[in-house]
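Values in this text are rule-based calculations from the coordinates and carry no lab data. Here the structure is a predicted model, which is why all the values come from computation and not from measurement. Virtual Cβ from ideal backbone geometry, glycine too; neighbours counted across all protein chains shown.
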């Protein structure tokens, strides 16, 4: 998969240093993946969720760092693209503004 982009991951771990290692691992795993559906994602990340939003369609939410953080991505399986939309703390995720 082609991950777009590393920039939001870096920005997040600059503020939350303990997130760097798990985010780098997620990035490496996603880049080497050949996901064609959410079911494929579940083979690697069984806790990933597909979440419907009003404006963005279905987004995939990954638990990062032992469920401490959330990475929200739009996966375009037909094009092999993963677009990182948000990296959030658990609290920020629960507020739900990322769905807008």
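Taking every alpha-carbon pair in the chain and binning the separations at 10 Å intervals from zero gives 16, 54, 30, 1 percent.
What separates the Cα centres of segment 1-35 and segment 55-92 is a distance of 11 Å.
Taking 35 Å as R0, compute the FRET efficiency from the Cβ-Cβ separation of residue 90 and residue 36 and round it to 0.05.
Details: r = 29 Å, r/R0 = 0.84.
That pair, residue 90 with residue 36, gives E of 0.75.
Using a 10 angstrom cutoff on alpha carbons, build the Gaussian network for the chain and name the most mobile of 69, 27, 77. With Cα springs under 10 Å in the chain, the top fluctuation among 69, 27, 77 is at 77.
When both bridge partners sit in the chain, DSSP labels roughly 85% of those beta bridges antiparallel.
Calculated mean residue ellipticity, 222 nm, the chain: -10000 deg cm²/dmol, from DSSP H runs (n ≥ 4) at -39500 (n - 2.57) each, averaged per residue and rounded to 500. To the nearest 0.05, how large is the calculated FRET efficiency for residue 6 and residue 53 if R₀ is 30 Å and r is the Cβ-Cβ distance? E(calc), rounded to 0.05, equals 0.80.
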